[in-house]
Amino acid sequence: MEKFCLSYSTGKDSVLALDRMITAGYQCAGLVTSVSEDINRSWFHGIPLPLLEQAAESLQIPLVVVKNNPENYQERMVTSLRNMKESGIDYCVFGDIDIEENGQWDRNVCQNSGLKPLLPLWEESREEIVTEFVEKGYHAIIKTISKASRIPDRFLGQPLDQTFIDYLNAHNIDVCGENGEYHTFVVDGPLFKFPINYQTTGIFESEYSKSIIIEN
């Protein structure tokens, strides 16, 4: 059985990529997650380390934490992937869909670490991807919304479901949020042995986005 590591954001696309790889007969040997040195939460999705550990336990896959900052983000990611290569892993899987800049970044870090990049969702229909995620029985909450997207605050902390998808379609907003319109946190589904136990403690607002704050 060929082994891979996953660039794990905790979001719907990375989990769907994981699902597809496992369904295809591959074995995941590590969830590689970048965590901000400053706040000890995952980049972009803002998931605290205890919840990352809980998710890895539920998925029964080792968590590989890469602590970094904007200046050394790629360097430390490459170092981590090299370590995965040395442990006998040949592939790194990413959940990116069709933004070429993101795909090129994936290919670059793999080239520099000696791994082969795999992008199971690449250039597929965004509508079909999010529909597949929901229909397979995964559960995700809306963790962050971009202010530029004009998605109402009422969706923060709510499930990624057909109601949310219908709203996005009705307002011509990308249903996958591939341009950062929204981010998700997957809390349960077919690959999870138990649902993630979390609490919401407020809302964090930046210049560009709003996020629910979640804790273990």
Item to check | Residue list for segment 167-208, restricted to those being open to solvent by less than 80 Å² (accessible area, probe 1.4 Å) and outside any loop (DSSP other than H, G, I, E, B) | outcome: TYR167, LEU168, ASN169, ALA170, TYR182, HIS183, THR184, PHE185, VAL186, VAL187, ASP188, GLY202
Checklist entry - When both residues are 6+ apart or on different chains and their Cβ atoms are under 7 Å apart, which pairs have a first residue that lies in segment 121-140 and is farther than 24 Å from CYS92 by Cβ, and a second that is in a loop (DSSP other than H, G, I, E, B) and open to solvent by less than 40 Å² (accessible area, probe 1.4 Å)? => result GLU127/VAL175; VAL134/LEU160; GLY137/GLY189; HIS139/GLY189
Item to check | segment 52-69 residues that are within 19 Å of TYR198 (Cα to Cα), paired with ones that are open to solvent by less than 10 Å² (accessible area, probe 1.4 Å) and part of a strand (DSSP E or B) (beta carbon under 6 Å, 6 or more apart) | outcome: LEU52/THR33; ALA56/LEU31; LEU63/LEU31
Next on the checklist: When you check TYR182 against the structure, is it in contact with a helix residue (DSSP H, G or I) (Cβ under 7 Å, 6 or more places away or on another chain), free of Cβ contacts under 8 Å to residues at least 60 places away in the same chain, within 18 Å of TRP43 (Cα to Cα) and of a type in the set (Phe, Trp, Tyr), yes or no?
Outcome noted: yes
Checklist entry - For segment 178-211, what are the residues that are under 16 Å from the mean Cα position of the chain (by Cα) and at pLDDT below 95? => result GLU178, ASN179, GLY180
Checklist entry - Can you tell me which residues in segment 18-76 are open to solvent by less than 50 Å² (accessible area, probe 1.4 Å), over 17 Å from LYS143 (Cα atoms) and in a loop (DSSP other than H, G, I, E, B)? => result GLY25, ILE61, ASN69, ASN72
Next on the checklist: Return the residues of segment 1-17 that are over 19 Å from TYR73 (Cβ atoms) and in a strand (DSSP E or B); say none if nothing qualifies.
Outcome noted: LYS3, PHE4
Next on the checklist: Report every pair of residues separated by at least 6 positions or lying on different chains whose Cβ atoms are under 7 Å apart, first residue within segment 29-40 and of a type in the set (Asp, Glu), second open to solvent by less than 10 Å² (accessible area, probe 1.4 Å).
Outcome noted: GLU37/ASN68
Checklist entry - Does GLY88 meet the test of being assigned to a loop (DSSP other than H, G, I, E, B) and surrounded by fewer than 14 Cβ atoms within 10 Å (Cβ to Cβ)? => result yes
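Would you pick out the residues in segment 112-155 that are assigned to a loop (DSSP other than H, G, I, E, B) and touching a Phe, Trp or Tyr at 6+ places or on another chain (Cβ under 9 Å)? Give the derivation first.
Residues of segment 112-155 assigned to a loop (DSSP other than H, G, I, E, B): 114-115, 119-125, 136-138, 150-152.
LEU115, LEU119, PRO120, LEU121, TRP122, TYR138, ILE151, PRO152, listed by residue number.
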Next on the checklist: Could you check segment 111-157 and list, in sequence order, the residues that are touching a helix residue (DSSP H, G or I) at 6+ places or on another chain (Cβ under 7 Å) and not aliphatic (A, V, I, L, M)?
Outcome noted: ASN112, SER113, GLY114, LYS116, PRO117, PRO120, TRP122, GLU132, PHE133, LYS136, TYR138, PHE155
Item to check | Selection from segment 106-131 of residues that are open to solvent by 10 Å² or more (accessible area, probe 1.4 Å), within 29 Å of HIS171 (Cβ to Cβ) and under 16 Å from the mean Cα position of the chain (by Cα) | outcome: LEU119, PRO120, TRP122, ARG126
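The values are calculated or read from the model by the stated rules, or taken from the named source; none is laboratory data. Predicted model only: the values in this text are computed from it and were never measured. So basically every Cβ, Gly included, is an ideal-geometry build from the backbone, and we count neighbours across all protein chains shown. Each accessible area value is taken on the protein alone, full model and side chains, heavy atoms only, with ligands, DNA and RNA left out. Shrake-Rupley method; radii C 1.70, N 1.55, O 1.52, S 1.80 Å.
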